[in-house]
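S.K.: Here it is: the structure, laid out below.
Coordinate-derived values only; no laboratory data. These numbers come from a predicted model, not from an experiment. Neighbour counts run over all protein chains shown; Cβ positions are idealised from the backbone, glycine included.
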Amino acid sequence: MLFTEGSSIVYQLIILFLIMGLIYQKFLCDNYKIKNKIKSFCKEHELTEQECQIVSFIMMGYTSKKMAEIINRSEDTVKKHRANIHKKVEVSTVIELILKIINH
């Protein structure tokens, strides 16, 4: 057990910071890998820069409404980009799209 009743607060904080650092490093590494996969995936499927940005947002779990707010476009425009992505990639659901990217 990492923390016992006699553990000093300094010891507990050091352990917590070490664990947080490891989690952060893992997140950055995985994030970098996902970004590279998305970039490669977009190139292979000849997606536009805007479509590639939408793919990134999809991977982050954003809704069309949130994407529209971020890129300062209408929600209908985002939905059109999403439809184009599905057509180019030959998928019918977001789940299929995400699985294709992960397995890319």
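S.K.: Please compute the length gained on full extension between residue 34 and residue 87, using 0.36 nm multiplied by the number of residues separating them and subtracting their Cα-Cα distance.
M.R.: Numbers: separation 53, 0.36 × 53 = 19.08 nm, distance 2.18 nm.
The span from residue 34 to residue 87 would gain 16.9 nm if fully extended.
S.K.: Multiply the residue gap between residue 48 and residue 69 by 0.36 nm, knock off their C-alpha separation, and tell me the result in nm, one decimal place. The partial results should precede the final answer.
M.R.: Details: separation 21, 0.36 × 21 = 7.56 nm, distance 1.93 nm.
Using 0.36 nm per residue and subtracting the Cα-Cα distance, I get 5.6 nm.
S.K.: Sticking with this structure for a sec: Which aspartates and glutamates, on any chain, are close to residue 88 with Cα under 12 Å apart, when same-chain ones fewer than 8 places away are left out?
M.R.: 44, 46, 51
S.K.: Could you tally the net charge around residue 64, taking each other residue with its Cβ under 14 Å from the Cβ of residue 64, Lys/Arg +1 and Asp/Glu -1?
M.R.: Summing Lys/Arg as +1 and Asp/Glu as -1 gives +2.
S.K.: Moving to a separate point now. Calculate the spin-label point distance for residue 96 paired with residue 10, positioning each point 7 Å from the Cα along the beta-carbon direction, and give it in nanometres.
M.R.: Roughly 6.0 nm, to one decimal.
S.K.: Return the subset of 43/79; 37/65; 43/65; 43/80 for which the Cα-Cα distance in this structure is over 23 Å, preserving the input order.
M.R.: Listed pairs above 23 Å: 37/65; 43/65.
S.K.: Mind computing the radius of gyration and Dmax over the alpha-carbon atoms of the stretch 9-102? Å is fine for both.
M.R.: Final numbers for Rg and Dmax: 17.2, 56 Å.
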